[in-house]
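Remarks on the structure that follows.
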Amino acid sequence: MAPILLLLALLISSLGITEAQSTGVCYGKNGNNLPSEQEVVSLCETNGIGRMRIYNPDQQTLHAIRGSSTELILAYASDVKFRHIAVGNEVHPGDANAKYVLPAMQNVHNAIVAANLQDQIKVSTAIDTTLLGISYPPSNDSFTPLLANIYPYFSYTNDPQSISLEYALFTEAGIVVTDGQYGYQNLFDALLDSLYSALEKAGSPNLQIVVSESGWPSEGGDVATVNNAGTYYRNLINHVKQGTPKKSGQAVETFLFSMFDENLKEAEIEQHFGLFLPNKQPKYQITFG
């Protein structure tokens, strides 16, 4: 499985983390000033971060995780719970590599079945919500994802005339959008329920969606401030425990983007999504779990 895994993004968690914990953190390494992998693992343990998403299984990260509460060694699959394997991240149908996604997913799934881990590990691909086309009202969609990267920040900045900042930050006082029997008080729920509606139309109403990325930048663009980002992350962590209007009471497994500011990202705005500064100091007062 090792050569195949080099193409993958992995969503991981240790068996010791309870299902009640809804949030994890994405760990990207596009920076030249980041702490060592072992320091990152220690930082996660200190802050109660029990779930992590990594974007490739590099050996330094895997060795750092080994022996920790988020141990990740493929040979120890019976001791570590791999929640999801995402084959490709935001690969659009028109991209040159799109034709390889399905065959790669099939190969990985076959390898998982051969290891008798099909009930433990699910294979999918991570999409972004631009593939939805129409997302208002939430029921007007027809796509079938499992993992989804959901960013109310970009939805807001792309259409600030139609979307209020409060709606994007979970701070709106009342219902903003009514879609049939459901009322939406925040944009995150509307985007996520758009995906659930797509799954219903595809004949998979019970398929659970994992939010594989969601975050808010602290600088580098419109409304990208420390105050707004902290507000978004805190509200997101609390909100996903209760589900969406379509899936009320069902916690949404969500991965916060991202662990650190990454100064080698090409776009300025993408360099400032970190929950922590490269020196490991937190940017926000956040309680994980």
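Pairs under 9 Å by beta carbon, first residue without any contact (Cβ under 8 Å) to a residue 24 or more places away in the chain and under 14 Å from residue 244 (Cβ atoms) in region 198-224, partner open to solvent by less than 70 Å² (accessible area, probe 1.4 Å) and not β-branched (Val, Ile, Thr), six or more apart or different chains?
Sorted first by the residue in region 198-224, then by its partner, the pairs are 200/139; 200/246; 205/196; 205/199.
Does region 75-94 include one or more residues that are of a type in the set (A, V, I, L, M), at pLDDT 80 or above and open to solvent by less than 40 Å² (accessible area, probe 1.4 Å)?
There is no residue in region 75-94 that is of a type in the set (A, V, I, L, M), at pLDDT 80 or above and open to solvent by less than 40 Å² (accessible area, probe 1.4 Å).
Just one of 220, 249, 230 is assigned to a loop (DSSP other than H, G, I, E, B) and surrounded by 15 or more Cβ atoms within 10 Å (Cβ to Cβ); which is it?
After ruling out the rest, the residue left standing is 220.
I'm checking my understanding of the structure. Among residues of region 28-53 that are open to solvent by less than 40 Å² (accessible area, probe 1.4 Å) and over 30 Å from residue 249 (Cβ atoms), which one is modelled with the lowest pLDDT?
The extreme case among them is 41.
Give the residue, chosen from 279, 235, that is of a type outside the set (A, V, I, L, M, F, W, C), modelled with pLDDT of 95 or more and not in a loop (DSSP other than H, G, I, E, B).
Numbers: 279 fails: not in a loop (DSSP other than H, G, I, E, B).
Result: 235 is the single residue among 279, 235 that is of a type outside the set (A, V, I, L, M, F, W, C), modelled with pLDDT of 95 or more and not in a loop (DSSP other than H, G, I, E, B).
May I ask you to list pairs of residues, at least six apart or on different chains, whose Cβ atoms are under 7 Å apart, with the first in region 38-61 being polar (S, T, N, Q) and the second being part of a helix (DSSP H, G or I)?
These pairs meet every condition: 38/64; 60/37; 61/37.
Can you tell me which of (1) open to solvent by less than 20 Å² (accessible area, probe 1.4 Å); (2) within 24 Å of residue 287 (Cα to Cα); (3) of a type outside the set (S, T, N, Q); (4) modelled with pLDDT under 80 is the one residue 64 doesn't meet?
Going through the list (1) open to solvent by less than 20 Å² (accessible area, probe 1.4 Å); (2) within 24 Å of residue 287 (Cα to Cα); (3) of a type outside the set (S, T, N, Q); (4) modelled with pLDDT under 80, residue 64 breaks only (4).
Return the residue satisfying two criteria in turn: it lies in region 192-217 and is among the polar types (S, T, N, Q) and not in a loop (DSSP other than H, G, I, E, B), and of such residues it is farthest from residue 254 (Cα to Cα). Step through it out loud before you land on a result.
First, pick out the residues of region 192-217 that are among the polar types (S, T, N, Q): 194, 197, 204, 206, 208, 212, 214.
Still in the running and not in a loop (DSSP other than H, G, I, E, B): 194, 197, 212, 214.
Working: 194: 16, 197: 19, 212: 6, 214: 7 Å.
By that ranking, first place goes to 197.
Considering only residues of region 138-197 that are open to solvent by 10 Å² or more (accessible area, probe 1.4 Å) and touching a Lys or Arg at 6+ places or on another chain (Cβ under 8 Å), which is modelled with the lowest pLDDT?
In this case the residue turns out to be 142.
Looking at residue 133 and the list (1) more than 21 Å from the chain's Cα centre (by Cα); (2) modelled with pLDDT under 75, which single condition is not satisfied?
The failed condition is (1).
The values are calculated or read from the model by the stated rules, or taken from the named source; none is laboratory data. Because the structure is predicted, anything quoted here is derived from the model rather than measured. So basically every Cβ, Gly included, is an ideal-geometry build from the backbone, and we count neighbours across all protein chains shown. Accessible surface areas use protein heavy atoms only, side chains included; no ligands, DNA or RNA. Shrake-Rupley method; radii C 1.70, N 1.55, O 1.52, S 1.80 Å.
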